[in-house]
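Here, each number is a calculation from the coordinates, and none is a lab measurement. This is a predicted model, so every value here is computed, not measured. Here the Cβ is made from the backbone with ideal geometry for all residues, glycine too, and neighbour counts use every protein chain on show.
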Amino acid sequence: MAKKKRAAKAAKKSTKKSVQSAKRKSVLAPIELYFWPTPNGFKITVMLEECGLPYVIKPVNIGRGDQFKPEFLAISPNNRMPAIIDPNGPGGKPISVFESGAILQYLGRKTGKFYPADERKRTAVEEWLFWQVGGVGPMAGQAHHFRSYAPEKIPYAIERYTREVGRLYGIIDKRVEKRDFLAGEYSIADMAVYPWAKLWERQGQDINALPNFARWLERIKARPAVARGMAVRVEQPTVDLAKDEEARRILFGIGANN
Ligand SMILES: N[C@@H](CCC(=O)N[C@@H](CS)C(=O)NCC(=O)O)C(=O)O
C-alpha cells in the first residue's frame, strides 16, 4: 500500500513537472516578427525590447516582393510588414496580428506595459497612436517618396508633404512643451512616432525651429531598449531604393496586389 502511494505521488510529481515545463516553454515561445528594417518595422522591435519579450525575426524583403507571397498574405492581407505571430496568444493558442498600431496595442494589452488600463490614460495614448498611423506615417512616407524616390521631381508634391510633415512635428513640439511624452507618460504612441520623427532631416525639416520636439527625440533615444530596437537588422542585404530599380518597381509600380 505504502509502495502504491509512493508510486502515485511520484507520478503526480512528474506530471506536475512536465506541465510546468510545457507552460514555461509556451510562455517563452518567441513571438515571430515579420520585419524589414524600416520605420514601421522599428516600432515593433522597440516595443518588444521595451517589454523584454523574446522574439525571432522573420525577414520580409519588401524590395524583392516577399510581401506578396501567399504565406505572408495569409497573416498580413494588406501586403505590408510588420506583422507578428504570437504562439502563445489568447487562450494559449497562436494569433497573428498585422498593422503596426494593432500590434502595439496587442503587445501593450498582453504585457500591461506602455498602454495604461486606466480609461482616460488609455484614450490619450490611442489619440496619439492613431494620429501617428493616420498622419505621421503616411505623410512622412510620401515626403520620403517624393523627395528621394519619385522618378521626377514634382515641386507641388514635395512642398505639400514636406509642409504637412512640418505641421505635424509642430504639433509634437507644442504637445511636449510641458510634458515629457505625447500622452504624458512614455507609451506605445511615442514608440509609433519616434522611428519616423528621427528621420526629420530626410523629410526636409528644420530641427532648430522645433526645440521641444528635439528634446523629446533625445529623451526617447536615450532609452537602452530603443537603442536595441532601432539596431535590429536582417541577415540579408538591405535595399537602397534610390539605386535599386527592381525594388522601386516592386514597391511603387506593378506589385501583384498594388
Ligand atoms: N499601415 C501600415 C503600414 C506598413 C507599411 O507601409 N509597411 C511598408 C514598409 S515601411 C511595407 O511593408 N511596404 C511593402 C509594400 O509597399 O509593398 C502599418 O502601420 O503597419
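For residue 171 and residue 119, what is the calculated FRET efficiency with R₀ set at 22 Å and r taken between the beta-carbons, to the nearest 0.05?
Taking R0 as 22 Å, the efficiency between residue 171 and residue 119 is 0.40.
Label residue 199 and residue 249 with points 7 Å out from Cα along Cα→Cβ: what is the distance between them in nm?
Between residue 199 and residue 249, the label points sit 2.3 nm apart.
Provide the gained length on full extension for the span residue 159 to residue 233, in nm with one decimal, where the gain is 0.36 nm per separating residue minus the Cα-Cα distance.
So the extension gain works out to 23.4 nm.
Given the options 220, 138, 208, identify the residue whose Cα lies farthest towards the positive end of the charge dipole of the chain (+1 on Cβ of Lys, Arg; -1 on Cβ of Asp, Glu).
220
Could you pull out the GluC sites (Glu not before Pro) across segment 76-180 that fall in loop regions by DSSP (anything but H, G, I, E, B) with no more than 15 other Cβ atoms inside 10 Å?
Passing sites in segment 76-180 are 152, 177.
Determine the percent antiparallel among the DSSP beta bridges restricted to the chain, to the nearest 5.
65
Within 10 Å of each residue's Cβ, count the other Cβ atoms and sort 104, 48, 241 from fewest upward.
Ascending Cβ contact count within 10 Å gives the list 241, 48, 104.
Counting other beta carbons within 10 Å of each Cβ, put 58, 221, 153 in order, fewest first.
Ranked by crowding around the Cβ, least crowded first: 153, 221, 58.
With charges only on Cβ, +1 for K and R and -1 for D and E, what is the dipole size of segment 36-102 about its Cα centre, in debye, rounded to 20?
That gives segment 36-102 a dipole magnitude of about 180 debye.
Less than 18 Å from a label point 7 Å out along the Cα-to-Cβ axis of residue 102: which backbone N atoms in segment 52-83 qualify, by residue?
What the label zone holds, given the 18 Å backbone N cut-off, is 67-83.
As I understand it, the value is the acute angle between the Cα axis of helix 2-28 and the longest principal axis of the Cα atoms of the chain; what does it come to in degrees, rounded to 10?
That helix lies at roughly 0 degrees to the long axis.
Could you sort the peptides 89-96, 60-67 by per-residue average Cβ neighbour count (10 Å cutoff), highest mean leading?
Top of the packing list down: 60-67, 89-96.
Between residue 29 and residue 212, what length comes free when the chain is fully extended (0.36 nm per residue of separation minus the Cα-Cα distance, one decimal in nm)?
So the extension gain works out to 61.9 nm.
For segment 119-222, compute the orientation-averaged projected area of the C-alpha convex hull (one quarter of its surface), in nm².
It is 6.3 nm².
Please state the charge dipole magnitude for the chain, taken about the Cα centre, from unit charges on C-beta atoms (+1 on K and R, -1 on D and E), reported in debye and rounded to the nearest 20.
Result for the chain is approximately 2340 debye, rounded to the nearest 20.
Averaging the inverse of every distinct alpha carbon separation and then flipping it gives the Kirkwood radius. What is it for segment 99-150, in angstrom units?
Evaluated on segment 99-150, it is 12.3 Å.
Just want to confirm a number: the relative contact order over the chain, from Cα pairs under 8 angstrom separated by 6+ residues, in percent.
24
Is there a pair in 43/121; 43/110; 58/221; 69/243 whose C-alpha atoms are over 18 Å apart, and which pairs would that be?
The pairs that break the limit, which is 18 Å between Cα atoms, are 43/121; 58/221; 69/243.
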